[in-house]
1. With the condition kept exactly as written, say whether any residue in segment 44-65 is buried (at least 17 other Cβ atoms within 10 Å of the Cβ), under 14 Å from Gly9 (Cα atoms) and of a type in the set (Gly, Ala, Ser).
2. Can you pull out the residues in segment 1-17 that are surrounded by fewer than 20 Cβ atoms within 10 Å (Cβ to Cβ) and assigned to a strand (DSSP E or B)?
3. Please go through (1) over 15 Å from Trp36 (Cβ atoms); (2) open to solvent by less than 60 Å² (accessible area, probe 1.4 Å) for Lys75 and return the number of the only condition it doesn't satisfy.
4. Filter segment 100-115 down to the residues that are hydroxyl-bearing (Ser, Thr, Tyr), open to solvent by 40 Å² or more (accessible area, probe 1.4 Å) and in a strand (DSSP E or B) and list them by number.
5. Identify all residues within segment 41-63 that are over 14 Å from the mean Cα position of the chain (by Cα) and on the phi < 0 side of the Ramachandran plot; write none if there are none.
6. Which residues, taken from segment 18-43, are closer than 24 Å to Thr112 by Cα, of a type outside the set (Gly, Ala, Ser) and open to solvent by 20 Å² or more (accessible area, probe 1.4 Å)?
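The values are calculated or read from the model by the stated rules, or taken from the named source; none is laboratory data. This one's a predicted model, so the numbers in the text were calculated from it and none came from an experiment. FYI the Cβ positions are ideal-geometry reconstructions off the backbone, even for glycines, and counts take in every protein chain you see. We work out accessible area using only protein heavy atoms, side chains counted, and drop any ligands, DNA or RNA first. Shrake-Rupley method; radii C 1.70, N 1.55, O 1.52, S 1.80 Å.
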Amino acid sequence: QVQLVESGGGLVQPGGSLRLSCAASGFIFRISTMRWYRQAPGKERELVAGITSAGVTTYPDSMKGRFTISRDNAKNMVYLQMNSLKDEDTAVYYCNAPLLIGAAWGQGTQVTVSS
């Protein structure tokens, strides 16, 4: 079955960095667009970054500059490098695959930015 498993979250101080990972299985990863979303307490889930099967990356304007999405098709992995983290980046981060059979989501990984 389709499965996405995130890892790499944790507690980090403002200005710090984290690298999130998402392990994918159960579908043809190399032809799938992959995305990262996040959801802060009391807020709607929002798109953080996307990467196509060809490696073309997209970011909402509010996310440009500090976040970098990448993928390794040989390992069925997608990553999110987050730099210069701010308090407002605190959220649960989710891996997403917009498959034809329906969107697949991971369970999420908590990122907390706090001094």
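1. Within segment 44-65, not a single residue is buried (at least 17 other Cβ atoms within 10 Å of the Cβ), under 14 Å from Gly9 (Cα atoms) and of a type in the set (Gly, Ala, Ser).
2. Gln3, Val5, Ser7, Gly10, Leu11, Val12
3. Among (1) over 15 Å from Trp36 (Cβ atoms); (2) open to solvent by less than 60 Å² (accessible area, probe 1.4 Å), the lone unmet condition for Lys75 is (2).
4. Answer for segment 100-115, where residues must be hydroxyl-bearing (Ser, Thr, Tyr), open to solvent by 40 Å² or more (accessible area, probe 1.4 Å) and in a strand (DSSP E or B): just Thr112.
5. Across segment 41-63, the qualifying residues are Pro41, Lys43, Glu44, Ser53, Ala54, Val56, Asp61, Ser62.
6. Leu18, Arg19, Arg35, Tyr37, Arg38, Gln39, Pro41, Lys43, listed by residue number.
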